[in-house]
Amino acid sequence: MISVSEAIGIIKSQAQRLPAERVALAYALGRVLAEDIVADSDLPPFNRAQMDGYAVRSADIERVPARLRVVGESAAGRGWHERLKAGEAVRIMTGAPVPPGADSVQKVEVTREADGVVEIDEATEPGQHIVTRASEIRENEVVLSAGEEINAAKMAVLASFGYAEILVSKRPRVAVLATGTELVNVNEKPGADQIRDSNSYSLSAYAQLAGATVERLPLAGDDPELLKLEIEDAASRSDALILSGGVSMGVYDFTKTALRALDAEIFFERVSLRPGKPTVFARLGRTLIFGLPGNPVSVSVTFNLFARTALRAMQGCLDSEMKEEWAVLARNVKGAIERASYLPAELETSEDGRLLAQPLKWGGSSDFVAFARATALIIVPEGLRSVDAGERVRIVHLPG
Ligand code: AMP
Ligand code: MG
């Protein structure tokens, strides 16, 4: 049986980069940059006033109160560009260009203007209240790199440097197929021995959060012949196929049977992980196939550890894997000797500023209602029987 990190290594080596496409800036949120973003101008593009007030020569107002002649006005979008001479001041607004010759700005609160003359009560230091040209960014500097995900703040960066269109990685096309004779659709009332399919919805949502476009396929039963045809068909038009259910040792677990009948290359079919041991990873043609155990909590854990990593690697993400962090355990947890455990938790911050991982109180790994409150997973490495409250643990944040 392979470890989680070995499994992730195999997945990353199989995830092929998708081609790039151009999208309009308004549609770029959540996409992954396929080009470096370069500043097409200095930032700020001119010496910019940081306050409403007066642009002055600091030497003129060393002795206060000082009286200066107001020779003009510099407003945002309508600057004053004549050189300031001794004894002169220019009325200036926040964001406006500082005229040449002026070396500082004094704020309006310590001034009085009347009849073309301003009286200033406080001296200035050279450079005061001025953001000098190019002090934030120089023209031609790389401001965002290929592989970064575009978030709301980065939208402003792209807009400021004139990127009306951006080269981003294509979204992976993901097909989601839930298997199981017991499953009925969300709009149906489950009969005796039946349950509603929930996995195809959580999986589709996680796949969208990972940047994919998703096709949620009609429910599949547990018929190996039909499953084979459905997998073949779904794989023919997707970059990744996510199956739920049918990978355990039961008499009606046919996912692997179908994959073998299709001659798919199976890379692994067991991971030393709890929950999620019977996870299958395979490839059919160019399509990556994830066979995830049907238990709704296993589905969430294994999707995010494995399929999410593949989908983000396909888009060229710099950080395709779930990011691990340290937290302090708030309550004792049990581990497993032969498998790494990923236990659902809520995160909170303690009074002294430490990140606390509070393990969920739940009815076990089929309790998806309790799991809906989880924001992170606590990692208990294999070989550890238990970890005590107060000890440090590694955690990963759950997306969404
Ligand atoms: P399996 O991996 O097929 O043996 O399924 C394991 C458990 O997960 C079973 O008890 C199923 O009832 C449950 N399960 C399987 N598929 C789904 C699904 N699509 N939605 C919700 N629960 C499921
Ligand atoms: Mg099943």
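Every read-out reported here was derived from the displayed coordinates using simple, explicitly stated rules and does not represent laboratory data. This is a predicted model, so every value here is computed, not measured. Glycine gets a Cβ as well: all are built from the backbone with ideal geometry, and neighbour counts include every protein chain shown.
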- Message: I'd like the FRET efficiency for E148 and S41, computed as 1/(1 + (r/R0)^6) with the beta carbon distance as r and R0 of 25 Å, rounded to 0.05.
- Response: 0.75
- What number, in percent, do you get for the relative contact order of the chain if the mean sequence gap of Cα pairs under 8 Å and at least 6 apart is divided by its residue count? 16 percent
- Item | Antiparallel bridge percentage (DSSP; both residues within the chain; nearest 5) | 70 percent
- Roughly speaking, what is the centre-to-centre gap between region 86-103 and region 250-280 when only Cα atoms are used, to the nearest Å? 72 Å
- Would you work out the relative contact order for region 254-400, in percent, from Cα pairs under 8 angstrom that are 6 or more residues apart? 23 percent
- Tilt, helix 199-209 to longest principal axis of the chain (alpha-carbon atoms), in degrees rounded to tens, equals 30 degrees
- Message: Let's see if you can work this out: charge +1 on each Lys and Arg Cβ, -1 on each Asp and Glu Cβ, no other charges. What is the dipole magnitude of the chain about its Cα centre, in debye to the nearest 20?
- Response: 520 debye
- Task: Lys and Arg at +1, Asp and Glu at -1: add these up for the other residues within a Cβ distance under 10 Å of V396 and post the number.
- Result: -1
- Item | region 150-175 and region 361-375: distance between their alpha carbon centers, rounded to Å | 35 Å
- Item | Candidates F268, F306, F281, ranked by Gaussian network fluctuation over the chain, Cα under 10 Å, top entry | F268
- Query: What's the local net charge at A235, with K and R +1, D and E -1, over the other residues with C-beta under 13 Å away?
  - Reply: -2
- Relative to the first principal axis of the alpha-carbon coordinates of the chain, what is the inclination of helix 224-236, with its axis defined by its Cα atoms, in degrees from 0 to 90 and to the nearest 10? 20 degrees
- With the Cα gyration tensor of region 114-236 in hand, convert its eigenvalues to equivalent ellipsoid semi-axes via √(5λ) and list them largest first in whole Å. 60, 20, 10
- Note on the structure: Placing +1 on each Lys and Arg Cβ and -1 on each Asp and Glu Cβ in region 321-400, then taking the dipole about the Cα centre, the residue among V393, A372, V328 whose Cα reaches farthest towards the positive end is A372
- Among A175, H129, A152 the positive-end extreme of the charge dipole of region 119-198 (Cβ point charges): A175
- Message: Below 8 Å, C-alpha to C-alpha, sequence gap of six or more: please give me the relative contact order for region 1-151 in percent.
- Response: 35 percent
- Message: Net charge within 13 Å of I2 by Cβ-Cβ distance, Lys/Arg positive one each and Asp/Glu negative one each, not counting I2 itself?
- Response: -1
- Note on the structure: XL table K228/K277; K12/K154; K277/K361; K12/K170; K12/K189; Cα-Cα > 29 Å flagged, in table order, is K12/K189
- Across V280, V251, V333, the residue with the highest GNM fluctuation in the chain (Cα network, 10 Å cutoff) is V251
- Cβ charges +1 (Lys, Arg) and -1 (Asp, Glu), total dipole of region 164-246, debye: 420 debye
- Query: Under a GNM of the chain (C-alpha, springs under 10 Å), which listed residue has the highest mean-square fluctuation: T287, T255, T349?
  - Reply: T349
- Message: Given axes a ≥ b ≥ c from the Cα gyration tensor, I'd like to know whether the chain is rounded (a/c under 1.5), prolate (a/b larger than b/c) or oblate.
- Response: prolate
- Note on the structure: Within region 65-113, DSSP-loop GluC sites (Glu not before Pro) with at most 14 other C-beta atoms within 10 Å are E82
- Task: Assign unit charges at the C-beta atoms only (+1 for Lys and Arg, -1 for Asp and Glu), then state the dipole size of region 55-174 relative to its Cα centre in Debye, rounded to the nearest 20.
- Result: 500 debye
